[in-house]
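The values are calculated or read from the model by the stated rules, or taken from the named source; none is laboratory data. This structure is a prediction, so every number in the text was calculated from the model and none was measured. Reconstructed Cβ throughout: ideal geometry from the backbone, glycine too, with neighbour counts over all protein chains shown. Just the protein is used for accessible areas: all its heavy atoms, side chains included, with ligands, DNA and RNA removed. Shrake-Rupley method; radii C 1.70, N 1.55, O 1.52, S 1.80 Å.
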Amino acid sequence: MIFEGVKLMVVGMTTVMLFLCLMILFINFVSFLTRGSAAREIAAIAEERALQALNRKKSKEITSEDADEDIAVIAAAVAAYEGERFAKSIAV
């Protein structure tokens, strides 16, 4: 009885080990077949990241210039509002 159990365990573990080894071989084979497209994908991702970094750098430069204009517009709007408010308080 024990011998049959040990035999079943050995057969089962051998089957699982062979299946896993076969799966590793297939994964390596697919990796070998797709290495060219993977290299192109990595190059495209690197190019896209470089382009995004350049766009971020340009946007930071533009943002600092736009910030001065935004501050001037806000200051003019506040001055106009206070001027209208002051004119209404004098007229009343």
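Report the gain in length on full extension from residue 26 to residue 41: 0.36 nm times residue separation, minus Cα-Cα distance, nm rounded to one decimal. Let's see the in-between values first.
Values: separation 15, 0.36 × 15 = 5.40 nm, distance 2.16 nm.
Gain in length upon complete extension: 3.2 nm.
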For the chain, give the magnitude of the charge dipole about the Cα centre (Cβ charges: +1 Lys/Arg, -1 Asp/Glu; no others), in debye to the nearest 20. 580 debye
Cα-based Rg and Dmax for the chain, where Dmax is the largest Cα-Cα distance (Å): 35.7, 110
Unit charges at the beta carbon, dipole of the chain: most positive-side option, 17, 53, 89: 17
For the range 82-88, what does the Karplus curve 6.51 cos²θ - 1.76 cosθ + 1.60, with θ = phi - 60°, yield as ³J(HN,Hα) per residue in whole Hz, taken in order and with x for Gly and Pro? 5, x, 5, 5, 5, 5, 5
Accessible-area value, residue 3, 1.4 Å probe, nucleic acids and ligands omitted, Å²: 150 Å²
